[in-house]
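K.L.:
First the structure, which I've put down as C-alpha cells, then a few questions once you've had a look.
What follows is calculated from the coordinates using simple rules that are stated; it is not laboratory data. Please read these numbers as outputs of a predicted model, since none were measured by experiment. Virtual Cβ from ideal backbone geometry, glycine too; neighbours counted across all protein chains shown.
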Amino acid sequence: MDSNVYTILYNRKGQHEIQENGGFQLLSTYLDDLEKRLLRTDCRQEDEDNREAVKEMAWNIMRGIKEVDPYFAVSKLESVGSIAEGTKLGKPDELDFVALMQCFDESKYSVKVINECGNSGTAHIRCSTSSNIPVEILADDEEEHLPNIENSSLRYVSPVKFRIRFWNLFTSVAVHISKNKQRISKPMGYLTLVEEVAQHLDMFVKGPNVEIEMIWTSASSGERHGICVDVTPALKVFSDSIPFVGINYHLLENALVNTGKDFKDIFLIPAVNMDCKLGGHSDPFKKLCWRLSLSTIETEMIRSMDSAHKKCFRILKFLKSNQRDALDNMKQLGLNITADRFSAVVIRMYHDETHVLTTYMLKAVLLHHNLRCINESKNITKCMMEMLSFLNDCIDKRLLTSYFLKDKNLWSQGGSALPVFLLKPSIERLLGMFTEVIVKKQISFQNFGDKFQDIQSYLTENDGI
C-alpha cells in the first residue's frame with residue numbers, strides 16, 4: 001500500500017478526500033461501532049450454558065468410545081478455535097475441540113516419532129510389531145516403502161486408518177446417544193444431538209476432524225439452533241528433542257514462555273499430506289505423514305492478545321464472510337459500484353468456493369502482525385491498515401507463511417480467487433466507501449449498521465484447527 005494512504009484514504013477524481021486527522025478518527029469510530037455489533041452481549045449466560053453443554057456432550061461421546069475400545073480413550077478435551085480465543089462473531093454455533101488420546105505410551109508400545117520425508121511440520125509414527133497396538137490402524141505392508149529403515153520390525157501407523165477407526169467409534173456412540181434421546185440440561189436451555197445423527201456425521205469434511213451437529217433449545221423462547229462441533233483426535237509428540245523440519249524454534253520457544261504452554265502441547269493429528277513420500281504416490285489413503293498441530297498454543301496466543309488486535313481479527317473475519325452482502329447493502333445506500341472491477345470478483349469467488357481466503361490465513365496474518373506491531377496506542381485503525389497492507393504484499397508474492405512453519409506457504413491451500421477487500425486498490429475503496437456512506441451520505445453509525453440485515457446470521461464461519 002502506498003505510504004500516502006494514511007493521508008488520503010480515498011480519492012475518486014478529487015471528489016472526496018479524507019485527511020489523516022479527521023479520517024482516522026472517523027474510521028476508528030466506525031470500526032469500534034461495528035465491532036460492538038459483532039459481539040453478543042445480551043445472551044452471555046445462555047451462551048455460557050450452551051458451551052458447557054456442548055463440552056459435556058462431547059465428553060459423553062468420549063467416555064462411550066473408551067467403553068467400546070479402551071485403546072482410544074481420551075485423556076483431555078481442549079477447546080480451540082474462535083470460541084476459545086474470544087474472537088467468535090455471533091452466537092456460539094461452531095465449537096472445536098482437540099481430543100488428546102491416551103494411547104501410544106512410548107515405553108509401553110515401543111513407539112517412535114520420526115520424520116523420513118523431510119516435509120515441513122510432519123512426522124511418521126512407527127511402533128513395534130510385538131506391541132498390542134490394534135492391527136487395523138497399521139499400514140499395510142504393500143503401502144510401506146522402506147529404503148532406509150534401521151529396524152524393519154517397526155510398523156508405520158496409518159493416519160487415515162487411525163482416523164477411520166476413531167470416526168467409526170465416534171459414530172456408533174453418537175448414534176446410541178441420539179437414539180436414547182440423551183440431553184444435557186442447563187438453566188438457560190438444553191442440548192441434544194441431531195436426530196438421524198449418522199446422516200449428519202461427515203468424516204472428511206475439512207481435514208482430520210470428525211464433525212457432528214448438536215441442537216440447543218433455549219428455555220426462555222423455545223428457539224432451537226444448530227451447533228457444528230468438530231473433534232480432532234490427536235497424539236502427543238512425546239519429546240522436545242524431535243528435530244521437526246521447518247519449525248521456527250525461536251518463535252515457538254517465545255510462544256511457549258508467553259502462553260505457559262510447553263512441548264507437551266504440541267500434537268500430531270491424522271491429516272493427509274499429499275507430499276508424503278511414503279505410501280501410495282497418488283492414493284491419499286496410503287499416505288503415512290501425520291501433521292504437526294500447534295492449535296492449542298495458537299489459541300492461547302490469540303486469547304491473551306490485547307483487545308485492539310482481537311477487534312481487528314473479528315472485523316477481518318466479518319469482511320471476509322460478508323463481501324457479497326456488504327456489496328448489496330452499499331448499492332441500497334446509493335453507491336453505484338456495479339461496474340466496479342471487484343463486483344465481478346465477488347461473483348467469481350462465490351461460484352468457485354474452493355478458492356477462498358481461509359480464516360486460518362487471517363489468523364496467520366494476525367500473529368505475524370502482533371509479533372512486529374509497534375503501535376503502542378493499539379489504534380485499531382492503524383493496525384487494520386497495517387494488516388491489510390501486509391495481506392496485499394502476500395497477494396503480490398502469492399506467499400503467506402505459516403507463523404510457526406517457515407517453509408509452509410498457506411496460499412497453496414487458498415487458491416487464486418481473492419475476496420473483494422483484498423484486491424488493490426480495494427483497501428482504499430472499501431475504507432473510502434465506509435467513510436463516504438457516513439460522511440457524504442450523512443448516515444449515522446447506528447443507521448449504517450442497521451443496513452446490514454440481521455448481521456449476526458451471517459457471522460458463522462470458523463476454520464478450526
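K.L.:
What pairs from 91/311; 277/363; 317/363; 88/179; 311/408 go past 21 Å between their alpha carbons?
P.N.:
From the list (91/311; 277/363; 317/363; 88/179; 311/408), the Cα-Cα distance tops 21 Å for 277/363; 88/179; 311/408.
K.L.:
Full-extension gain between residue 45 and residue 358, please, as 0.36 nm times their residue separation minus the C-alpha to C-alpha distance.
P.N.:
109.7 nm
K.L.:
Provide 403, 249 in ascending order of the number of other Cβ atoms located within 10 Å of each residue's Cβ, fewest first.
P.N.:
249, 403
K.L.:
Using the basic label-point model (7 angstrom from Cα toward the beta carbon), what is the residue 194 to residue 303 distance in nanometres?
P.N.:
2.7
K.L.:
Moving to a separate point now. For residue 218 and residue 114, what does the FRET efficiency come to when R0 = 51 Å and r is the distance between their Cβ atoms, rounded to the nearest 0.05?
P.N.:
0.50
K.L.:
In addition: Just to be sure I understand the model, the point goes 7 Å from the Cα along the line to the Cβ. What's the resulting residue 249 to residue 372 distance in nm?
P.N.:
Those two pseudo-labels are separated by 2.4 nm.
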